[in-house]
Amino acid sequence: MSVAYLFPGQGSQHVGMGQALYVAEPTARAVFDQADELLGFPLADLCFNGPEEILTDTVNQQPALLVTSIAVWRVMQEQDWPEAKYAAGHSLGEFCALVAAGSLTFEDGLALVRRRGELMKAAGEQEPGAMAAILALDVDAVEGICAEAEQITGRPIQVANDNCPGQVVISGDKTALEEAIKMAQAAGARKVVKLPISIAAHSALMASASTEFAVAVNSTTILSPQVPVIGNVSARPLTNPEEIRVELMAQLTSPVRWSGSMQFLLELGVDTFIETGPSNVLLGLMKRIDRKATRKQFNL
């Protein structure tokens, strides 16, 4: 059995996440309590009790997901779960994977995602954007649509997430996004869903955040991972600190190549994928990528 652990990104949070684990497992409790102390506010209470609109603010959402995922990961390490051969995380989840793989300390990972959330929120306020999921068109077709919409409007729009065959998310300027949506529908998209978000993640509108986030990344100690972490930008293993720095600095304005990352793991012989966090979103994507792969989740 060859195992990859998967760490989810924004959208996987829900009020109540981690609470039962906090009560039942001292190891998980220690993670949440340490995070509260480091952040200077009761993140655990926000995870457990909400309110939802405060939890889903990207400034809180990102650290909340990292803390919950690492609490789950550490409990799993104490139990009889199989050894990780690889790790991967979707967008924000990549930071969780790097903490789990020993590249980042928990303290530094938490500080980075908190800062990432602050910068993404500020960039979204400075240059509001929009995102939409396009179903039943392949990524090459969607990339072509984005290029044409960008040319027509003169505003940026691009693929943000290549999640699985038939599910591609686009991100960018609102005018360009509306043009791309019309073109996708005309091209035969089964469904187009505008996402309830005003931040154009993984697009050129995150350039200001990316520039400032590079400062935080460059001032953080990063070690070589104990197991290979598959990067969102490259869809290939990140094996040393320099590769990780380049990845994290490019990530905010680059697409999440999730489908390609999972295909690469399958080509390496990975046959078991375990989602490590508060949801099973990534296992759902894996089902679309390869139905034969074994999919498991820790029950929170």
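The values are calculated or read from the model by the stated rules, or taken from the named source; none is laboratory data. Predicted model only: the values in this text are computed from it and were never measured. Heads up, the Cβs are rebuilt from the backbone with ideal geometry, glycines too, and the neighbour counts pull from every protein chain shown.
Answer with yes or no whether residue 192 is more than 19 Å from the chain's Cα centre (by Cα) and within 21 Å of residue 122 (Cα to Cα).
Details: more than 19 Å from the chain's Cα centre (by Cα): yes; within 21 Å of residue 122 (Cα to Cα): no.
Here the answer is no, as residue 192 does not meet what is asked.
Looking across the stretch 47-91 at every residue that is over 20 Å from the mean Cα position of the chain (by Cα) and in a helix (DSSP H, G or I), the one that is farthest from residue 3 (Cα to Cα) is identified as 49.
A quick yes/no check of all residues on (1) assigned by TED's automatic domain parsing to the domain that holds residue 250; (2) closer than 23 Å to residue 213 by Cα; (3) surrounded by fewer than 17 Cβ atoms within 10 Å (Cβ to Cβ); (4) β-branched (Val, Ile, Thr):
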| residue | (1), (2), (3), (4) |
| --- | --- |
| 20 | yes, no, yes, no |
| 35 | yes, yes, no, no |
| 73 | yes, no, no, no |
| 81 | yes, no, yes, no |
| 88 | yes, yes, no, no |
| 94 | yes, yes, no, no |
| 105 | yes, yes, yes, yes |
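Over 26 Å from residue 256 (Cβ atoms) and either free of Cβ contacts under 8 Å to residues at least 24 places away in the same chain or out of contact with any Leu (no Cβ under 7 Å at 6 or more places or on another chain) (or both): does that describe residue 31?
Numbers: over 26 Å from residue 256 (Cβ atoms): no; either free of Cβ contacts under 8 Å to residues at least 24 places away in the same chain or out of contact with any Leu (no Cβ under 7 Å at 6 or more places or on another chain) (or both): yes.
Here the answer is no, as residue 31 does not meet what is asked.
Residues considered: 129, 154, 172. Of these, the only one that is over 30 Å from residue 287 (Cα atoms), surrounded by 24 or more Cβ atoms within 10 Å (Cβ to Cβ) and either without any contact (Cβ under 8 Å) to a residue 60 or more places away in the chain or touching a Ser or Thr at 6+ places or on another chain (Cβ under 8 Å) (or both) is 129.
Within the bounds of the stretch 111-122, is there any residue that is of a type in the set (Val, Ile, Thr), touching a residue at least 40 places away in the same chain (Cβ under 8 Å) and surrounded by 18 or more Cβ atoms within 10 Å (Cβ to Cβ)? Lay out the reasoning, then the answer.
Taking the stretch 111-122 and keeping what is of a type in the set (Val, Ile, Thr), we get 113.
After this cut, where a residue has to be touching a residue at least 40 places away in the same chain (Cβ under 8 Å) as well, the list is 113.
After this cut, where a residue has to be surrounded by 18 or more Cβ atoms within 10 Å (Cβ to Cβ) as well, the list is 113.
Yes: one or more hits.
Does at least one position in the stretch 123-134 carry a residue that is outside any strand (DSSP E or B), modelled with pLDDT of 95 or more and touching a Phe, Trp or Tyr at 6+ places or on another chain (Cβ under 7 Å)? No, because not a single residue in the stretch 123-134 is outside any strand (DSSP E or B), modelled with pLDDT of 95 or more and touching a Phe, Trp or Tyr at 6+ places or on another chain (Cβ under 7 Å).
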